[in-house]
Amino acid sequence: MKATVVVHRVAPAAAAHVETLVAGIQHAADQGSDLVMFSEVATTGSINTDQPHEDRGLGVAIPGPVVGRLQDCAAQHRIHVALGLFERDGNRLFDTALLIDRAGAIRLTYRRITSGWHHPRADPNFYAEGTTLTASETDFGSVCFLICGDLFDDALVDRVHRLHPDYLLVPFARSFAGGGHSQDQWDRAEHDAYAKQVKRAGSTTLLVNYLDAEYFGGAFAFSRAGHLLACVPLGRAEALTFAVPREQRPQHGAAAHT
């Protein structure tokens, strides 16, 4: 499988985000990629305030005009598109990831299960989490999602392991305490923790963060054993295209982690 991971710079205007994603899709298709992947909440950035009257406008409908634009672009360029966004469903807001296939159809919808994307005391009637974790078959292998902090919930990671997907996609949105884009800080304090969780999941894993003055960017591909295969260093708005091996799936009944 050939993948392009896109670390995009979030801009103040929401319309600019969608066009940035469209440009990333076009670039990935020009590279011959099977999949292009963007970050968590890629259409807005993580700008929710935990006030429903302010955050309601961040969410997009599925289906709807924003997602439809991306579906049309995926179909035009015959490429799979993975990204995160705020989803509005009635009077609820979800932190959601989508996989759009080469025909422009939504192949997989995943709603973040952990609640770290909003304040613990935020209105539970508005800010909502999912419960379902499934894998979807594509022409390059099976795929499932976790979003950001989901990767550090061991019970969820073990559920991924039991699904045996070929690829785990983890769009995320992270900043360091105090800000900054320090690659050295990532290497010292973060890399091993992420690699450990990938190894526990047992799937080849792609992670993509977005970039702005606070959020540090970065994209990472790990083997199912937790070895780094490719990366976009922190602080760079950049697209990276690379071949991702399809590793042999573990036998059912294998240990969840070693």
Problem set entry | Pairwise label distance in nanometres, GLU214 with ALA243, each label 7 Å out on the Cα-Cβ vector | 4.1
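Kindly put MET1, MET37 in sequence by how many other C-beta atoms sit within 10 Å of each C-beta, fewest to most.
The order, fewest Cβ neighbours first, is MET1, MET37.
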Problem set entry | SER136/ALA11 FRET efficiency (R0 25 Å; Cβ-Cβ; nearest 0.05) | 0.25
Exercise. If you stretched the chain out fully between ASP123 and ARG78, how much longer would it get, using 0.36 nm times the residue separation minus the C-alpha to C-alpha distance?
Worked result: 12.2 nm
Problem set entry | For the chain: relative contact order, % (alpha-carbon pairs under 8 angstrom, 6 or more apart) | 21
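Grab the alpha carbons of the range 93-152, take their convex hull, and tell me the volume per residue in Å³. Can you show the working numbers first?
On the way: hull volume 5.2 nm³, N = 60.
Per-residue hull volume (Cα only) is 86 Å³.
Hydropathy at least 0.0 by Kyte-Doolittle, axial extent at least 24 angstrom from the Cα trace: which helices of the chain, defined as entire DSSP H runs, fit? Don't skip to the end; give the middle numbers.
Numbers: long enough: 14-30 (25 Å, 0.56).
Flagged H segments are 14-30.
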Problem set entry | Paired Rg and Dmax values of the chain, which use every Cα atom, in angstrom | 16.9, 49
Exercise. Counting Lys and Arg as +1 and Asp and Glu as -1, each charge on the Cβ, what is the dipole of the range 97-206 about the Cα centre in debye, to the nearest 20?
Worked result: 120
Exercise. How large is ³J(HN,Hα), in whole Hz, for each residue of the range 219-224 in order, when computed from phi with the Karplus curve 6.51 cos²θ - 1.76 cosθ + 1.60 and θ = phi - 60°, using x for Gly and Pro?
Worked result: 9, 9, 10, 10, 5, 5
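Full extension from GLU19 to ASP89: what is 0.36 nm times the residue separation minus their Cα-Cα distance, to one decimal in nm? Walk me through the intermediate numbers first.
Working: separation 70, 0.36 × 70 = 25.20 nm, distance 2.35 nm.
Using 0.36 nm per residue and subtracting the Cα-Cα distance, I get 22.8 nm.
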Exercise. What trypsin sites (Lys or Arg not before Pro) does the range 32-132 have in DSSP loop regions with at most 10 other beta carbons within 10 Å?
Worked result: ARG121
For this session: Of the options GLY226, HIS53, HIS191, report the single residue whose Cα projects farthest towards the positive end of the charge dipole of the chain (beta-carbon charges: Lys, Arg +1; Asp, Glu -1).
Result: GLY226
Seminar exercise, completed: Expressed to one decimal in nm², the mean projection of the alpha carbon convex hull of the range 1-140 is 8.1
Problem set entry | In order through the range 117-132: 3J(HN,Hα) via Karplus (6.51 cos²θ - 1.76 cosθ + 1.60), integer Hz, x for Gly, Pro | 7, 9, 5, x, 9, 5, 4, x, 7, 10, 8, 10, 10, x, 10, 9
Exercise. Which log10 I(q)/I(0) values, to two decimals, does the range 164-245 give at q = 0.22, 0.27 Å⁻¹ under the Debye formula with one point per Cα?
Worked result: -1.04, -1.38
For this session: With the convex hull built on the Cα atoms of the range 61-198, state its orientation-averaged projected area in nm².
Result: 9.8
Problem set entry | Contour minus Cα-Cα distance for PHE176 and HIS227 (0.36 nm per residue) | 16.1 nm
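Rule-based calculations on the coordinates, nothing more; no lab input. Since the model is a prediction, treat every value here as computed from it, not as a measurement. All Cβ positions, even for glycine, are placed from backbone atoms using ideal geometry, and neighbour counts span all protein chains on display.
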